[in-house]
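What follows is one structure encoded as structure tokens, with my remarks underneath.
The values are calculated or read from the model by the stated rules, or taken from the named source; none is laboratory data. Note that the coordinates shown come from a computational prediction; the quantities given were computed from them, not determined experimentally. Glycine gets a Cβ as well: all are built from the backbone with ideal geometry, and neighbour counts include every protein chain shown.
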Amino acid sequence: MAKPPMQQTLFLLGPGQVELRRHKVPEPRPGELLVAIRAATTCGTDLKVFKRGGHPRMLVVPTPFGHEMSGVVVHAGDGVEAWKPNDEVIVSNSAPCGVCDFCARARENLCRDLHYLNGAFSEYVIVPRRFVARSVHRKPQGLPFEIAALSEPLACVVHGLEAASLPPRSDALVIGGGPIGLLFVAMLAAEGHSVTLADPHESRLDTGKALGASQTFAARRDGHDTQRLRVLGGSGEGFDAVIEATGSPAAWETGIGVVRTGGSVLLFGGCAQGTSVALDTHLAHYSELTLRGAYHHRPATFARAVDLLARGVFDARLLITNRCNLGGVEGALRSMDRREALKFAVMPSCPVR
Ligand SMILES: [Zn+2]
Ligand SMILES: [Zn+2]
């Protein structure tokens with residue numbers, strides 16, 4: 001594939017502010033790859049940084065953004081042996097150091113020097129050397145690029161489920177029917193658990209049912225649902241397992257309030273810095289609750305996610321409700337903010353803005 005001299009990249013400039021910039025397509029340095037993006041999927045994290053105007057550590061404006069991506073290798077820098085032009089790839093958005101104490105214990109998501117890759121909303125991206133070594137995966141043949149880009153959020157969900165290690169045929173509740181909550185629903189159902197989905201939006205509950213939820217619950221927006229939710233689980237005593245996938249302290253409290261004796265709560269949604277929740281210490285102790293946090297993904301769960309998508313374990317197409325090109329990303333994020341779209345597949349070649 002020939003590389004044109006110029007490309008377009010979407011930059012985040014500040015809160016709610018983006019700009020499509022034209023600039024030179026860079027040459028990969030030794031050890032790097034130049035990848036033509038075929039599909040980048042939008043994510044709740046993209047919406048969060050769009051509204052906040054960046055992220056104190058990861059994204060300092062002006063900056064390219066977008067982090068769920070698949071594409072085609074255009075040019076491999078000197079010394080790259082594993083990849084060549086025209087290889088179809090899925091690029092992970094993080095690369096661990098491989099040598100710190102957390103990496104040594106296969107907890108690479110907690111790596112002391114985890115590098116992040118942003119810039120999927122672009123025609124081309126340079127994949128840095130560390131990512132080339134550990135974080136580029138071959139796209140399975142026949143897997144559409146837009147579905148392949150879902151490897152990243154699914155890898156997070158697979159990591160969360162491994163952390164939760166639920167007993168077989170658990171009665172599970174997922175709080176939050178955004179893309180992540182829906183991926184949890186799909187995976188839990190595929191693993192044979194019975195799944196209830198709680199969310200305020202009917203269309204999301206419908207998608208949850210299509211992905212395998214056996215029961216849905218129209219949640220209140222203020223999050224005060226504990227009493228009504230609790231009786232839906234098991235024999236009215238609460239759920240064996242609760243997965244919190246909204247990132248709001250109220251939902252964390254609901255989750256802890258609706259799990260049954262001996263059950264576990266996976267605290268998956270990242271809340272804003274400085275927030276805290278009230279914990280009923282009596283309940284946590286005498287009911288032997290397991291409260292478990294989970295963050296991001298690991299190389300092993302990324303590889304597993306690619307395999308799950310390739311095998312079509314669930315219908316991942318239900319997660320992508322819209323498509324657009326780079327000019328449409330701002331509209332896409334606003335549509336997600338109104339809870340209309342679930343996920344957009346952003347494809348530079350898409351005729352629809
Ligand atoms: Zn994401
Ligand atoms: Zn490390």
- So S235 clears everything in (1) at pLDDT below 95; (2) crowded, with 24+ Cβ neighbours inside 10 Å; (3) of a type in the set (S, T, N, Q) except one condition, right? Which one? (2)
- Query: Looking only at the range 97-113, which residues are near ligand 2 (Cβ under 10 Å from one of its atoms) and either part of a strand (DSSP E or B) or touching a residue at least 40 places away in the same chain (Cβ under 8 Å) (or both)?
  - Reply: R107, E108, N109, L110
- Restricting the search to the range 161-199, which residues are under 19 Å from the mean Cα position of the chain (by Cα), buried (at least 21 other Cβ atoms within 10 Å of the Cβ) and more than 30 Å from S335 (Cα to Cα)? A164
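Select from the range 86-96 the residues that are within 16 Å of the chain's Cα centre (by Cα) and part of a loop (DSSP other than H, G, I, E, B) and write down the one among them that is farthest from ligand 1 (Cβ to nearest atom).
Within the range 86-96, the first condition is being within 16 Å of the chain's Cα centre (by Cα), and the residues that meet it are 90-95.
When the remaining residues are screened for being part of a loop (DSSP other than H, G, I, E, B), the result is 92-93.
Details: S92: 11, N93: 7 Å.
The qualifying residue farthest from ligand 1 (Cβ to nearest atom) is S92.
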- Which condition number in (1) within 16 Å of ligand 2 (Cβ to nearest atom); (2) surrounded by 21 or more Cβ atoms within 10 Å (Cβ to Cβ); (3) closer than 23 Å to G181 by Cα is the one that F50 fails? (1)
- Message: Consider the range 298-325. How many of its residues are in contact (Cβ under 8 Å) with a residue 60 or more places away in the chain and either polar (S, T, N, Q) or farther than 14 Å from H137 by Cα (or both)?
- Response: 10
- Message: Condition first: more than 16 Å from ligand 1 (Cβ to nearest atom) and assigned to a loop (DSSP other than H, G, I, E, B). Now tell me which residues in the range 26-46 satisfy that.
- Response: P26, E27, P28, R29, P30, G31, E32
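Looking only at residues that are touching a Phe, Trp or Tyr at 6+ places or on another chain (Cβ under 7 Å) and of a type in the set (V, I, T) in the range 144-179, which one is farthest from ligand 1 (Cβ to nearest atom)?
First, pick out the residues of the range 144-179 that are touching a Phe, Trp or Tyr at 6+ places or on another chain (Cβ under 7 Å): 151, 155, 157, 160, 171-174.
After this cut, where a residue has to be of a type in the set (V, I, T) as well, the list is 157, 174.
Numbers: V157: 11, V174: 17 Å.
Taking the candidates together, the pick is V174.
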- Any idea which of (1) closer than 30 Å to S235 by Cα; (2) part of a helix (DSSP H, G or I) is the one V195 doesn't satisfy? (2)
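State whether one or more residues within the range 130-145 are of a type outside the set (K, R) and assigned to a strand (DSSP E or B). Full working, then the answer.
Taking the range 130-145 first, the residues of a type outside the set (K, R) are 131-133, 135-137, 140-145.
Next cut, assigned to a strand (DSSP E or B) only: 136-137.
So far as the range 130-145 goes, yes, one or more of its residues are of a type outside the set (K, R) and assigned to a strand (DSSP E or B).
Only one residue in V49, V18 is in contact with a Phe, Trp or Tyr (Cβ under 7 Å, 6 or more places away or on another chain), hydrophobic (A, V, I, L, M, F, W, C), modelled with pLDDT under 95 and not in a loop (DSSP other than H, G, I, E, B). Which one? Outline the logic, then answer.
Numbers: V18 fails: modelled with pLDDT under 95.
Exactly one of V49, V18 is in contact with a Phe, Trp or Tyr (Cβ under 7 Å, 6 or more places away or on another chain), hydrophobic (A, V, I, L, M, F, W, C), modelled with pLDDT under 95 and not in a loop (DSSP other than H, G, I, E, B), namely V49.
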